[in-house]
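First up is the structure itself, then whatever we jot down about it.
The values are calculated or read from the model by the stated rules, or taken from the named source; none is laboratory data. Only a predicted model underlies this, so the values are computations on that prediction, with no experimental measurement involved. As a convention, Cβ positions derive from the backbone with ideal geometry for all residues, glycine included, and neighbour counts pool all protein chains shown. Note: accessible area is taken over every heavy atom of the protein model, side chains too, but ligands, DNA and RNA are not part of it. Shrake-Rupley method; radii C 1.70, N 1.55, O 1.52, S 1.80 Å.
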Amino acid sequence: MAAMAPEIEQLADQCIDRLLQAGSGDFMASVANPLPIAIVNKLIGFKGGDIRKMLQAAFDSSAVVGGTSTLLQLAICLLRSFVTHRWIAAQLRAASAVGDNILASVSRSVESGALRESEARAILHIMLAAGGESTTSLLGNAVRILADDQALQRQLRAQPELIPNFMEEVLRLESPFRHHLRVATRDTVLGGVAIPAGATVLMFWSAGNRDSAAFENPDEIDLARTRRHMSFGKGIHMCVGAPLARLEGQIVLRRLLARTACIALDPSRAPRWVPSLQVRRHERLPITVTAI
């Protein structure tokens, strides 16, 4: 992942170039949406994929569990997901087991019997979806916070070494994925609430990440904060793509802040969130930018 830094920087600059030339635009459409899906596509090793369709496939995966779609919308998402799954299956069958990308590694695991082909397809589909969705959300949420706080922009431009700390605070305050579901295996009590065995537990990361018992001034950005958030999970459930999301986020913000004097919300067009219980992503984020 770290070896991809120059490629991420190049792609980030290309996306930012178009935004600066126009002076304004939808940050999601111009930067946050295309960059992560292109990078994860490269990292996995897919060949000949349509980036727009792959991005839609990533969004479809989260829409299915978003809790706000109609039956018709769900059916359309599932149909597109089925088409994507078949495309991934074809990529896996055509993949060479020789190589250092994820697709080659998964292919070797299938050949050795460590993975069934159905498991391999599922892993690749999840990586594509999560690699596109999570970092897309993170980038938009970070720029939205910056656009709302000019003093913070000035501080990060003067002290770019604080950008990693800022990214962690963005992840804490605006987790890309809002919750995960778990099933209680036995009767238990959590926070004074009785949870019977078999109950579905909806764990909202924003609740844990803004817990005043764990974080001082939990609703504020603290660039000196050392306690980490739960947005990428923990232990064996730690997000495997967390290092890549952090790398992409830091590079994009560093390049964007270095090349602008001001980032602001577009007063003529309001931002809009994707309606979802699962993801915290902007559907659109119109901004204005002033180049240096």
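What are the residues in region 98-133 that are open to solvent by less than 20 Å² (accessible area, probe 1.4 Å) and either under 30 Å from Leu285 (Cβ atoms) or in contact with a helix residue (DSSP H, G or I) (Cβ under 8 Å, 6 or more places away or on another chain) (or both), if any?
Listed by number, the residues that qualify are Leu103, Val106, Ser107, Ala120, Leu124, Leu128, Ala129, Gly131, Gly132, Glu133.
Can you tell me which residue is surrounded by the fewest Cβ atoms within 10 Å (Cβ to Cβ) among those in region 247-284 that are under 17 Å from Glu133 (Cβ atoms) and of a type in the set (Gly, Ala, Ser)?
Ser276
Name the residue, out of Arg228, Arg186, Arg210, that is closer than 20 Å to Arg144 by Cα and open to solvent by 60 Å² or more (accessible area, probe 1.4 Å).
Arg210
Among residues belonging to region 241-292 that are part of a loop (DSSP other than H, G, I, E, B), farther than 23 Å from Leu202 by Cβ and of a type outside the set (Gly, Ala, Ser), point out the one that is modelled with the lowest pLDDT.
Ile292
Kindly state which strands (runs of 3 or more DSSP E) lie completely within region 152-225 and contain at least 2 residues that are among the hydrophobic types (A, V, I, L, M, F, W, C) and either under 29 Å from Ala63 (Cα atoms) or modelled with pLDDT of 95 or more (or both).
In region 152-225, 179-183, 193-195, 200-204 are the strands (runs of 3 or more DSSP E) which contain 2 or more residues that are among the hydrophobic types (A, V, I, L, M, F, W, C) and either under 29 Å from Ala63 (Cα atoms) or modelled with pLDDT of 95 or more (or both).
Return a yes/no flag: does region 53-61 have any residue that is closer than 26 Å to Val31 by Cα, open to solvent by 50 Å² or more (accessible area, probe 1.4 Å), at pLDDT 90 or above and of a type in the set (A, V, I, L, M, F, W, C).
no
Pull up region 157-168, narrow it to residues that are touching a residue at least 24 places away in the same chain (Cβ under 8 Å) and open to solvent by 10 Å² or more (accessible area, probe 1.4 Å), then point me to the one that is farthest from the chain's Cα centre (by Cα).
Across region 157-168, the extreme among qualifying residues is Arg157.
Taking interchain pairs and intrachain pairs at least six residues apart, which have beta carbon atoms under 8 angstrom, with the first residue in region 103-114 and without any contact (Cβ under 8 Å) to a residue 60 or more places away in the chain and the second among the polar types (S, T, N, Q)?
Close Cβ pairs satisfying both conditions: Leu103/Gln91; Ala104/Ser96; Ser107/Ser96.
Name the single residue, out of those in region 1-21 being in contact with a strand residue (DSSP E or B) (Cβ under 9 Å, 6 or more places away or on another chain) and open to solvent by 70 Å² or more (accessible area, probe 1.4 Å), that is farthest from Ile102 (Cα to Cα).
Per the criteria, the residue is Gln21.
Identify, please: which residue in region 7-33 is over 19 Å from the mean Cα position of the chain (by Cα) and touching a residue at least 40 places away in the same chain (Cβ under 8 Å) and is, among those, nearest to Val274 (Cα to Cα)?
Gly25
Quick one: what pairs do we get from region 259-272, first residue closer than 17 Å to Gln21 by Cβ, second assigned to a loop (DSSP other than H, G, I, E, B), C-beta under 7 Å, 6+ apart or different chains?
Close Cβ pairs satisfying both conditions: Arg259/Ile292; Thr260/Ile292; Ala261/Ile292.
Test each condition in (1) surrounded by fewer than 22 Cβ atoms within 10 Å (Cβ to Cβ); (2) under 16 Å from the mean Cα position of the chain (by Cα) for Ala94 and report the one that comes out false.
With (1) surrounded by fewer than 22 Cβ atoms within 10 Å (Cβ to Cβ); (2) under 16 Å from the mean Cα position of the chain (by Cα) applied to Ala94, the lone miss is (2).
Looking at region 62-83, is at least one residue at pLDDT 95 or above and of a type in the set (S, T, N, Q)?
Checked region 62-83: no residue is at pLDDT 95 or above and of a type in the set (S, T, N, Q).
Would it be correct to say that Leu244 is of a type in the set (A, V, I, L, M), within 27 Å of Leu152 (Cα to Cα) and either open to solvent by less than 90 Å² (accessible area, probe 1.4 Å) or in contact with a His (Cβ under 6 Å, 6 or more places away or on another chain) (or both)?
Criteria met by Leu244.
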